Amino acid sequence: MKKIEAIIRPARLDEVKEALGLIGIRGMTVSQVIGCGMQKGHTSVYRGQEYTINLLDKIKVEIVVEDKFVDQVVNRILKAAKTGEIGDGKIFICPVEKAVRIRTGESGEEAI
């Protein structure tokens, strides 16, 4: 099993959820996060004072899938989240040793 973490623009969340739903992905965790990368934030003016915001709002989508579905999920996220601009985000893929469904006690791939 693999855990796929995608850091995306908040405006692209609906497209990503829809794209994943089309291939049967029902379970995911979505978190509001802040961060910076190549985008480096932006400068704003408030009451005549200029200030820099270097941590931007992002969305983190976490999904655990069987190994055979990793490429398909990553490709769907790439297509749905991409705008072509700096700040589109990143996708990380990590191994998952074990998963356990609390309600039933099922473990492994049956738990996801």
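Observations, loosely collected:
- Test for Gly48: is it under 16 Å from Ile112 (Cβ atoms), free of Cβ contacts under 8 Å to residues at least 24 places away in the same chain and either of a type in the set (D, E, K, R) or out of contact with any Ser or Thr (no Cβ under 8 Å at 6 or more places or on another chain) (or both): no
- Within the stretch 54-70, considering residues that are aliphatic (A, V, I, L, M), under 18 Å from Leu20 (Cβ atoms) and not in a helix (DSSP H, G or I), the one nearest to the chain's Cα centre (by Cα): Val61
- One residue stands out among those in the stretch 86-112 that are over 17 Å from the mean Cα position of the chain (by Cα) and under 19 Å from Lys60 (Cβ atoms): the one that is surrounded by the fewest Cβ atoms within 10 Å (Cβ to Cβ), which is Ala99.
- If only residues of the stretch 53-97 that are hydrophobic (A, V, I, L, M, F, W, C) and without any contact (Cβ under 8 Å) to a residue 60 or more places away in the chain are counted, the one that is farthest from Gln32 (Cα to Cα) is Phe69.
- Residue within the stretch 98-107 that is at pLDDT below 90 and on the phi > 0 side of the Ramachandran plot present: no
- Number of the exception - Tyr51 against (1) surrounded by 12 or more Cβ atoms within 10 Å (Cβ to Cβ); (2) modelled with pLDDT under 90: (1)
The rows are residues; the columns are (1) at pLDDT 95 or above; (2) under 15 Å from Val16 (Cα atoms).
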position: Gly41; (1), (2): no, no
position: Arg47; (1), (2): no, no
position: Val73; (1), (2): yes, yes
position: Ala81; (1), (2): yes, yes
position: Ile86; (1), (2): no, no
position: Phe92; (1), (2): yes, no
position: Val96; (1), (2): yes, no
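- The one condition in (1) among the β-branched types (Val, Ile, Thr); (2) assigned to a helix (DSSP H, G or I); (3) more than 16 Å from Thr29 (Cβ to Cβ) that Val73 fails to fulfil: (3)
The values are calculated or read from the model by the stated rules, or taken from the named source; none is laboratory data. What you see is a predicted model, and the numbers here were worked out from it, not measured in a lab. Backbone-built Cβ (ideal geometry, glycine too); neighbour counts: all protein chains shown.
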